[in-house]
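**Student:** Sharing a structure here in structure tokens format.
The values are calculated or read from the model by the stated rules, or taken from the named source; none is laboratory data. None of these values were measured; they are calculated from a predicted model. Note that each Cβ is placed from the backbone with ideal geometry, even for glycine, and that neighbours are counted across all protein chains shown. Just so you know, the surface numbers come from the protein's heavy atoms only, side chains and all, with ligands and any DNA or RNA stripped out. Shrake-Rupley method; radii C 1.70, N 1.55, O 1.52, S 1.80 Å.
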Amino acid sequence: MNTRILTFIATVLLTTVVTAQENLQKQASSKKIKKTFTTVKENPITSVKNQYRSGTCWAYATLGYLESEILRKTGKTYDLCEMFVVNRDYMDCATHYVRMHGYSQISEGGSCDDVVDVIRRYGICPETAMPAPGSLTGDSLANFKVFFPQLERTVRAAVREDAKEPLPHWRDSVLAVIERFVGRCPESFVYEGKTYTPTSFAESLGLNPDDYVSLTSYTHHPFNESFVIEAPYKWRLKPSYNIPIADLMDVLDKALDAGYTVAWGGDVTGDFTRTGLAMLPDGIVPTQQMRQEQWDDWRFTYDHVMLIYGKAVDEQGKPYYMVKNSWGESGLYKGIWYMSRDYMILNTVYLYLNRNALPDNLRGKKTVPSL
């Protein structure tokens with residue numbers, strides 16, 4: 001077939017897809033789309049939180065995931081402290097930046113790896129053991145509009161151009177900024193009448209950091225091997241185990257059916273609305289190849305973390321996943337999003353879950369690393 005004809009056909013198809021996506025976004029944003037769902041499977045979660053004006057979905061979602069893990073195992077509800085994780089993680093990120101001589105990224109974003117690594121190294125505390133988010137700057141919730149640019153300037157100043165060493169005492173300067181805006185991590189605190197350190201409190205929760213694994217699905221690395229996902233927010237360089245997307249979805253379904261929740265890292269820049277719905281336009285069938293193409297040309301990125309805790313179907317019987325977001329009780333479903341299976345297939349960067357929720361064929365593989 002003539003090359004010009006092929007190019008014309010491809011252009012028409014691309015325009016059609018883009019137009020369909022734009023129309024769906026406009027309809028959903030104006031609340032013309034309102035769906036009714038029937039729950040198929042619902043696992044226990046803690047309350048919906050609000051990250052507000054901070055890029056800390058990774059902290060809220062992963063701690064929400066770990067809270068649901070504790071709830072599943074013990075029946076006890078905890079409210080773990082996001083700002084403790086932010087404090088320790090941003091200091092770690094700054095240290096990494098300086099050790100890399102500035103060839104790294106300083107950003108508000110992060111991943112599930114960060115939270116588990118912080119708990120492993122420093123412990124955790126309950127929400128009440130630190131100042132409430134936003135309280136140190138006169139806001140009602142976390143607001144990083146002033147904080148993070150100041151932190152970024154302070155960290156970057158530690159690595160001077162052509163210098164033979166970093167700025168003296170840069171750690172003190174960075175920590176002072178962090179503690180000014182999000183608070184100082186406690187050395188000890190009282191919780192339910194008992195005194196803990198962050199480390200002893202983490203140990204009391206019954207969580208084993210080695211239980212948690214990350215799975216992904218891309219073709220630029222071999223399947224059934226691990227690799228570090230090339231995303232700016234994943235600066236800790238923790239590996240994910242690579243399997244075909246059909247297998248990844250099978251892992252998700254079986255984990256939910258077995259009573260486990262699953263943390264999700266993925267893309268919300270396209271057909272993810274503010275109303276509580278995430279679905280692809282009719283006629284778009286996601287494939288492994290489509291995932292790879294959108295990842296490689298930057299249409300698809302890693303920009304959000306949430307918690308998957310159940311399954312549902314809409315009025316036509318189309319499958320959806322029930323997802324806890326961290327934008328407060330917003331949208332049509334009070335902070336819960338319904339993400340279609342097709343959307344999940346196309347937009348998932350990684351799943352993060354308890355290795356005991358893996359199918360037998362994956363659980364026994366020593367190549368599936370702990371984070």
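**Student:** Identify which of THR36, THR137, THR301 has the largest mean-square fluctuation in a Gaussian network model of the chain, with springs joining Cα atoms closer than 10 Å.
**Tutor:** Per the Cα network of the chain with a 10 Å cutoff, THR36 tops the list.
**Student:** So what's the net charge close to ASP92: Lys and Arg +1, Asp and Glu -1, counting the other residues with Cβ under 13 Å from its Cβ?
**Tutor:** Once all neighbours under 13 Å are counted, the net charge is +3.
**Student:** How far, in degrees from 0 to 90, does helix 3-29 lean away from the longest principal axis of the Cα atoms of the chain, to the nearest 10?
**Tutor:** That works out to roughly 60 degrees.
**Student:** What percentages make up the Cα-Cα pair-distance distribution of the chain when the bins are 10 Å wide from 0?
**Tutor:** Result, from short to long distances: 5, 22, 31, 25, 12, 3, 1, 0 percent.
**Student:** Moving on to the next point. Just by accessible area at a 1.4 angstrom probe, what is the order of ARG291, ARG299, ARG120 from largest to smallest?
**Tutor:** ARG299, ARG120, ARG291
**Student:** At 1.4 Å probe size, with every protein chain present, just tell me what the per residue accessible area of the range 89-140 comes to in Å².
**Tutor:** So the range 89-140 comes to 40 Å² accessible per residue, rounded to a whole number.
**Student:** Going highest first, how would you order 337-346, 44-53 by mean Cβ packing within 10 Å?
**Tutor:** Highest mean packing first, the order is 337-346, 44-53.
**Student:** Let me ask something else. Just to confirm a number: summing +1 for Lys and Arg and -1 for Asp and Glu over residues other than THR199 whose beta-carbon lies under 11 angstrom from that of THR199, what do you get?
**Tutor:** Here the count lands on 0.
**Student:** Follow-up. Going from the alpha-carbon gyration tensor of the range 152-304, what semi-axes, largest first and in whole Å, does one get by taking the root of 5 times each eigenvalue?
**Tutor:** 36, 26, 17
**Student:** Determine the gain in length on full extension of the stretch LYS73-ALA258; use 0.36 nm per residue of separation and subtract their C-alpha separation, reporting nm with one decimal.
**Tutor:** Going from the current span to full extension adds 65.3 nm.
**Student:** Output the peptides 113-119, 236-242 sorted from most to least packed, where packing is the average of other Cβ atoms within 10 Å over each peptide's residues.
**Tutor:** Ranked by mean Cβ neighbours within 10 Å, highest first: 113-119, 236-242.
**Student:** Roughly speaking, to the nearest percent, how much of the chain's 1.4 Å accessible area is carbon and sulfur?
**Tutor:** Result for the chain: 52 percent of the exposed heavy-atom area is carbon or sulfur.
**Student:** Moving on to the next point. Compute, for HIS220, the solvent-accessible surface of its heavy atoms (probe 1.4 Å) with the complete set of protein chains present, and express it in square angstrom to the nearest 10.
**Tutor:** About 70 Å², rounded to the nearest 10.
**Student:** Compute the long axis of helix 57-74 from its Cα atoms, compare it with the longest principal axis of the Cα atoms of the chain, and write down the angle in degrees, 0 to 90, nearest 10.
**Tutor:** 90
**Student:** Does anyone have the angle between helix 170-182 and the longest principal axis of the chain? Alpha-carbon axes, 0 to 90°, nearest 10?
**Tutor:** On a 0 to 90 degree scale, this one is about 70.
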